[in-house]
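Report on one structure; see the data block that follows.
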Ligand SMILES: Cc1cc2nc3c(=O)[nH]c(=O)nc-3n(C[C@H](O)[C@H](O)[C@H](O)COP(=O)(O)OP(=O)(O)OC[C@H]3O[C@@H](n4cnc5c(N)ncnc54)[C@H](O)[C@@H]3O)c2cc1C
Ligand SMILES: NC(=O)c1ccc[n+]([C@@H]2O[C@H](COP(=O)([O-])OP(=O)(O)OC[C@H]3O[C@@H](n4cnc5c(N)ncnc54)[C@H](OP(=O)(O)O)[C@@H]3O)[C@@H](O)[C@H]2O)c1
């Protein structure tokens, strides 16, 4: 781990923030994660964090403060000019080159799980093989829809279809409820104006492990299965815990 300086920081909602770090990562492609750490009581505590930035610019992370967590309450206290420890390399397989060909790509996230998709969309590489990209972002409260303006701008430009979803508040143009439930009742597809099917769709899932398990179950009802290198399927995922 090497020290990396925080360049700037945005608080999207209380306890939900992003910061950009000075530094470089070996082996970085959009979708991968790095480890961030701090020395706490004489020991280095490190956790994995997806990057939201494309290669070649300051490293952007989008993080939520987990109450009672060891690292995030301390990371949350840091600001511009402070240093964190950064792994020298990026890791992971949640990348577009691991996704098989499909007509439609669905990028489904809860909370800070939107970060790897931002990196992919900001990078742009490897997206033109999909006819449509649907970005679904599920959060508890409307204020947790981080990067909404940027995603809406991409939607206005025709790059993506953007479906914000919220469970604990209702909002204009925001789907209400949990993602697996809105797949099961067809409301997500209606909002996206796209169908989920084994013939035409590949679904990436990132964030809350309960959302991922529930969505995999809902997609199994559509004859869609987990993708593995040796047994190709329709669903790729990155569980955050
Ligand atoms: C590949 C990968 C990428 C990740 N990328 C991100 C990212 O971009 N942004 C981000 O905020 N987190 C991300 N995480 C989660 C992150 O690594 C930590 O688990 C999280 O920040 C909590 O760390 P902590 O030390 O504060 O809590 P800990 O003391 O490690 O954990 C306390 C408990 O909280 C639970 N927990 C962990 N994360 C969450 C969460 N987000 N919400 C609710 N409960 C949780 C777990 O059950 C854990 O046992 C990622 C995890 C993985 C595996
Ligand atoms: N502003 C913030 O986001 C914020 C700020 C400070 C601290 N925190 C803490 O950070 C942690 C993570 O919070 P978060 O809001 O980012 O993420 P989260 O708890 O994973 O919630 C994100 C979305 O996932 C949904 N979800 C949860 N479990 C699901 C399941 N089994 N199946 C389908 N959908 C499911 C939630 O719906 P439900 O609403 O139905 O659960 C919510 O819409 C929590 O400990 C929270 O207290 C969050």
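The values are calculated or read from the model by the stated rules, or taken from the named source; none is laboratory data. The shown structure was predicted, so the numbers you read here are calculated from the model rather than taken from an experiment. Cβ sites come from the backbone with ideal geometry, for glycine too, and all protein chains shown count toward neighbours.
Let me spell it out: the conditions are (1) in contact with a strand residue (DSSP E or B) (Cβ under 9 Å, 6 or more places away or on another chain); (2) in a loop (DSSP other than H, G, I, E, B); (3) more than 8 Å from ligand 1 (Cβ to nearest atom); (4) within 27 Å of residue 219 (Cα to Cα), and residue 108 meets all of them except one. Which number is the exception?
Only one criterion is unmet by residue 108, namely (2).
Those residues that are within 16 Å of ligand 2 (Cβ to nearest atom) and surrounded by 18 or more Cβ atoms within 10 Å (Cβ to Cβ), I need them from region 31-52; list them, please.
Scanning region 31-52 gives 47, 49, 50, 52.
Looking only at region 63-80, which residues are within 9 Å of residue 19 (Cβ to Cβ) and either outside any loop (DSSP other than H, G, I, E, B) or within 20 Å of the chain's Cα centre (by Cα) (or both)?
Scanning region 63-80 gives 63, 75.
For region 154-170, give me each residue that is assigned to a loop (DSSP other than H, G, I, E, B) and closer than 26 Å to residue 213 by Cβ.
Those that are assigned to a loop (DSSP other than H, G, I, E, B) and closer than 26 Å to residue 213 by Cβ: 160, 167, 168, 169, 170.
Assess whether residue 127 counts as being outside the structural domain of residue 179 (by TED's automatic domain parsing), farther than 28 Å from residue 169 by Cβ and in contact (Cβ under 8 Å) with a residue 24 or more places away in the chain.
no
The rows are residues; the columns are (1) in contact (Cβ under 8 Å) with a residue 60 or more places away in the chain; (2) in a helix (DSSP H, G or I); (3) assigned by TED's automatic domain parsing to the domain that holds residue 49; (4) closer than 13 Å to residue 106 by Cβ.
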{"position": "181", "(1), (2), (3), (4)": "no, yes, no, no"}
{"position": "190", "(1), (2), (3), (4)": "no, yes, no, no"}
{"position": "198", "(1), (2), (3), (4)": "no, no, no, yes"}
{"position": "206", "(1), (2), (3), (4)": "yes, no, no, yes"}
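Give the residues of region 184-209 that are near ligand 2 (Cβ under 10 Å from one of its atoms) and surrounded by 19 or more Cβ atoms within 10 Å (Cβ to Cβ), sorted by residue number.
Across region 184-209, the qualifying residues are 207, 208.
So if I check each of 23, 52, which one is outside the structural domain of residue 126 (by TED's automatic domain parsing), at pLDDT below 95 and touching a strand residue (DSSP E or B) at 6+ places or on another chain (Cβ under 6 Å)?
So the residue among 23, 52 that is outside the structural domain of residue 126 (by TED's automatic domain parsing), at pLDDT below 95 and touching a strand residue (DSSP E or B) at 6+ places or on another chain (Cβ under 6 Å) is 23.
Working only within region 22-46, note down all residues that are part of a strand (DSSP E or B) and more than 13 Å from ligand 1 (Cβ to nearest atom).
Of everything in region 22-46, those that are part of a strand (DSSP E or B) and more than 13 Å from ligand 1 (Cβ to nearest atom) turn out to be 26, 39.
Yes or no: residue 43 at pLDDT 95 or above, at negative phi, assigned by TED's automatic domain parsing to the domain that holds residue 75 and over 17 Å from the mean Cα position of the chain (by Cα)?
Answer is yes for this residue.
For region 149-177, which residues satisfy the criterion of being modelled with pLDDT under 95 and surrounded by 14 or more Cβ atoms within 10 Å (Cβ to Cβ)?
none
Among (1) under 17 Å from residue 106 (Cα atoms); (2) out of contact with any strand residue (DSSP E or B) (no Cβ under 7 Å at 6 or more places or on another chain); (3) within 11 Å of ligand 2 (Cβ to nearest atom), there is one condition residue 212 misses while meeting the rest; what is its number?
(2)
Might you check whether a residue that is closer than 17 Å to residue 31 by Cβ and either within 14 Å of ligand 1 (Cβ to nearest atom) or surrounded by 18 or more Cβ atoms within 10 Å (Cβ to Cβ) (or both) occurs anywhere in region 68-88?
yes
Being under 30 Å from residue 14 (Cβ atoms) and crowded, with 19+ Cβ neighbours inside 10 Å is the filter; apply it to region 89-105 and report the residue that is farthest from ligand 1 (Cβ to nearest atom).
90
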